[in-house]
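Each reported figure results from applying straightforward, stated rules to the coordinates on display, with no laboratory input. All of these numbers come straight from a predicted model, not from anything done at the bench. All Cβ positions, even for glycine, are placed from backbone atoms using ideal geometry, and neighbour counts span all protein chains on display.
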There are 2 protein chains.
Amino acid sequence: MSNIQAVIITIGDELLIGQTIDTNSAWIAQRLNEQGIEVARRVAVGDTKAAIIDALDEEWKKASIIILTGGLGPTSDDITKPLLCEYFGGKLTVDEKVLAHLKEMFIRRNRPVLERNLKQAEVPDNCTVLFNEMGTAPGMWFEKNDKVIISLPGVPFEMKHIMEHVALPKLKDRFKSDAIIHRNIFTAGEGESFIAEKIQDIELSLPPYIKLAYLPDSGFVKLRLTGKGTDIPTLTAELELKQQELATRLANIVISMEDYPMERILGDSLKEKGKTLGLAESCTGGYLGHFMTQVPGASAYFMGSIVSYDNAIKQNVLGVKATTLAQYGAVSEETVIEMVQGALKLLNVDYALSVSGVLGPQGGTDRVKVGTVWMAVASKTEIRTKEFRFFYDRERNKEMAAKNGMLFLWRFINGKLS
Amino acid sequence: MSNIQAVIITIGDELLIGQTIDTNSAWIAQRLNEQGIEVARRVAVGDTKAAIIDALDEEWKKASIIILTGGLGPTSDDITKPLLCEYFGGKLTVDEKVLAHLKEMFIRRNRPVLERNLKQAEVPDNCTVLFNEMGTAPGMWFEKNDKVIISLPGVPFEMKHIMEHVALPKLKDRFKSDAIIHRNIFTAGEGESFIAEKIQDIELSLPPYIKLAYLPDSGFVKLRLTGKGTDIPTLTAELELKQQELATRLANIVISMEDYPMERILGDSLKEKGKTLGLAESCTGGYLGHFMTQVPGASAYFMGSIVSYDNAIKQNVLGVKATTLAQYGAVSEETVIEMVQGALKLLNVDYALSVSGVLGPQGGTDRVKVGTVWMAVASKTEIRTKEFRFFYDRERNKEMAAKNGMLFLWRFINGKLS
């Protein structure tokens, strides 16, 4: 067995003018990786025939599998299908199954079927149709010179559905490859340089088929070990040994050994202890509640959040005293303490977290600079507070506040606050 | 003048295994576009010397400007700097300004400066340093054969800061190019096929230097007109004429003529009318509040949100009756009406929106299927309700609910509910 390589080509002017962020490629790469298929490169090109053909000609040489997304819609800027048909020397013909499905979709939605929609049922006669249950544009599978070219719609949920149900199983049958296995360590509180220094000898001891990567994000650093090989049990054992070695060395900053987001790590802690959580948010505007409810099953521990963006809500709903707001301001230790007490009581929860800050660009004062965020965590018997300073733009400051709030609470719950 | 083309090369294994979503490229593309520089392609490669050199060799032929991001950190998987130094035949030497800044950053954070950090102050002697105020890795600007190669750190806020303050102004001086101008029309309620059919004649009447693109997303379709030329006033006038023509034809589905997100469009409506907004969220978990507070200055109209994820919060905080929950369930017209009334009163606002649904994967019943979301909007004199059905996964259903909630409210406020 050897390494099977794939290239992802995404098609669409919206990717080149920055109107759309490409989330498809990351998702496809994850799924291929799980199947032991490496992604060698990703390329994004515009909606022009020359650019697409140029990319096909070049990437063709670099991989056994080419996955294209985009350009399959019903409008004039969608040119992928006729182009591929011509590229592989085929002819467009109507696929009866696709046609029937398409008509049914329009009937269900009470919409007339237009001529341009009917054209979506035409497929090149030299491809295998990858049926699209979720939409009107079918996926296509071409084979030539032992290589596979897969064309998928760019709409994320349609693409994902075809990949999961049709394309990935078909790729698994078609290619056998080395396994690629990842193990992660999720840390918080130290920078990547510090970590690199601390684990230098372990990093140097890694065999050539195990690679270590540092992924810093919002004050967290994820360490990722990637192993490649054919003997999966042995490789897995070896990776887990190294993972354990790293975790022991970094014990005081390790948050999790899984590649889970902070909301999942915090949620698992709460679930394990059978405790409930409530929030009192100001500057995060509901973002913390959003994170907590991204995890399926969050209703087991997450009760709710009082987003008291305006001071009147802090007073009238959470019961923060007018004198506290007047004397110390909304962004102060005193206010977040009263907010967290209000949330604990009003939401009747075991733990609460409150957040109040100035994220920018406006709203800073001499006393409270932009980027200042006060937080309080509380159980029924204890309150702890912390002042944070974030130095970035509004969006990033908000994300930092949300993620660091979850970390603060996780440490509180697990007795890890210094 | 002619079109200046750029290629973006992003470096990092995390992009190829799907651990990171590339948001840098979209941001860079937008900024370059504003300056009339077209992005011809985007390529993502891994942290290996061969892959980076291969990409440089190839992309070199395709554009006048190459922008690289990533691989400039202090750890062993960061190989871009020595590689570029060698590629352009230079020698690494310490830059005193970078060194001083670096030491100061560590002092400010109370951290020791490690040997590997000091190495970040070394730069190739054949490049111009693009000073990085926000971090320790300097950007680099190389010139060769009339082409420019810019290397930037992969950390988004560091990259953005260098681009905005150093690289973009320098590119503006260096290259003169045709202007690229965009005009948008933001619609809701009809699919792209329907729209394409309806505006076919206008699309056919566009001159070759004006392109129309369809960008469907979450039940919305954005139409983007892109014009290229040298005579900016004439081109702008022509684009705006076509934009107006399209808007007139699509009058009943147009939401905005700006490329603003729904939260900004709704926020602008509220600000204009001098009205306040409060939310009662259940399944969206705070996501709606998050959207509303993404807009700087939202505190002028957004008061807060009661995230009543658990039924106890719906009862105890919003005042939903126990009998209503028992008889009709949390996901029902009756419940969202009581939720919106509770929010209106408790938050003392002019308008309120309530949302309760089942986003999946679990939690569906025979009566209330996964994807069902009830919403109510209210002013002090009127309440309107609507049942939505979303067919996707938890994350996408949540996004659809949030965006369609904002649209529902916008229509209500502007007297556009049918």
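Remarks
- Partner lysines for B:Lys160 [C-alpha distance under 21 Å; skip if fewer than 8 residues away on the same chain]: A:Lys398, B:Lys81, B:Lys97, B:Lys170, B:Lys172
- Remark: for residue pairs A:Lys49/B:Lys147; B:Lys271/B:Lys416; A:Lys314/B:Lys275; A:Lys49/B:Lys62; B:Lys198/B:Lys242, the C-alpha separation exceeds 22 Å in A:Lys49/B:Lys147.
- Note: the stretch B:222-337, Cα convex hull, 147 Å³ per residue.
- Computed from phi, the 3J(HN,Hα) profile of the stretch B:63-72 under the Karplus parametrisation 6.51, -1.76, 1.60 (θ = phi - 60°) reads 7, 8, 10, 10, 10, 10, 10, x, x, 10 Hz, with x in place of Gly and Pro.
- Mean-position separation - Cα centroids, the stretch A:261-324 and the stretch B:359-380, in angstrom: 21 Å
- A label point on B:Glu272, set 7 Å along the Cα-to-Cβ line, lies at 5.2 nm from each of its counterparts in the other copies, closest listed first.
- Shortest-first nm distances, A:Lys62 label point to equivalent points in other copies (7 Å, Cα→Cβ): 0.8
- Couplings for the stretch A:5-10, taken from phi via the Karplus curve 6.51 cos²θ - 1.76 cosθ + 1.60 with θ = phi - 60°, read 10, 10, 10, 9, 10, 9 Hz in order; Gly and Pro are left as x.
- Under 21 Å from B:Lys321, Cα to Cα: lysines that are on another chain or at least 8 residues apart: A:Lys345, B:Lys345, B:Lys380, B:Lys386
- Both radii are taken from the alpha-carbon atoms of the stretch A:179-256; with Rh as the Kirkwood radius, Rg/Rh is 0.96.
- The stretch A:261-302: relative contact order in percent, alpha carbon pairs under 8 Å with at least 6 residues between: 52 percent
- Helix-only CD estimate at 222 nm, as mean residue ellipticity for chain A, using -39500 (n - 2.57) per DSSP H run (n ≥ 4): -11000 deg cm²/dmol
- For the rotation carrying B onto A, the chain B residue whose Cβ lies nearest the axis, with the distance in whole Å, reads B:Gly286, 1.
- Amide H contacts of B:Asn3 (H built 1.01 Å from N, in plane; Pro and chain starts excluded): B:Asp178 sit under 5 Å, all sequence-distant by 5 or more or on other chains.
- Restricting the stretch B:1-83 to GluC sites (Glu not before Pro) that sit in a DSSP loop and have at most 14 other Cβ atoms within 10 Å of their own Cβ leaves nothing.
- Test item: Cα-centred dipole of the stretch A:179-256, Lys/Arg +1 and Asp/Glu -1 on Cβ, debye: 160 debye
- Here the stretch B:262-413 has an Rg and Dmax of 14.2, 44 Å, counting Cα atoms alone.
- Cβ-based net charge around A:Asn252, under 13 Å, with every Lys or Arg adding one and every Asp or Glu removing one: +3
- Amide H partners (placed H, <5 Å) of B:Leu130, local residues excluded: B:Gly139, B:Met140, B:Trp141
- Largest-first ellipsoid semi-axes for chain B, taking √(5λ) over the Cα gyration tensor eigenvalues, angstrom: 47, 29, 19
- Lys/Arg +1, Asp/Glu -1 at C-beta; the stretch B:66-111 dipole; positive extreme among B:Leu68, B:Phe88, B:Leu102: B:Leu102
- Largest first and in whole Å, the equivalent-ellipsoid semi-axes of the stretch A:4-174 read 24, 17, 17, each the square root of five times a Cα gyration tensor eigenvalue.
- Kirkwood hydrodynamic radius of the protein assembly as shown, Cα pairs, Å: 28.6 Å
- Evaluated with a Cβ-only charge set (Lys, Arg +1; Asp, Glu -1), chain A carries a dipole of roughly 840 debye about its Cα centre, given to the nearest 20.
- Between copies, the label points at B:Gly364 (set 7 angstrom from Cα along Cα-to-Cβ) are spaced 4.9 nm, reported in nanometres from shortest to longest.
- Ignoring aspartates and glutamates fewer than eight residues from A:Lys369 along the same chain, the ones with Cα atoms less than 15 angstrom from its Cα are A:Glu333, A:Glu387, A:Asp393.
- Alpha-carbon Rg/Rh ratio, for the stretch A:365-418, with Rh computed the Kirkwood way: 1.03
- Of all DSSP beta bridges in chain B, antiparallel share, percent nearest 5: 60 percent
- Scaling against 2.2 N^0.38 Å puts the C-alpha radius of gyration of the stretch B:121-215 at 1.67.
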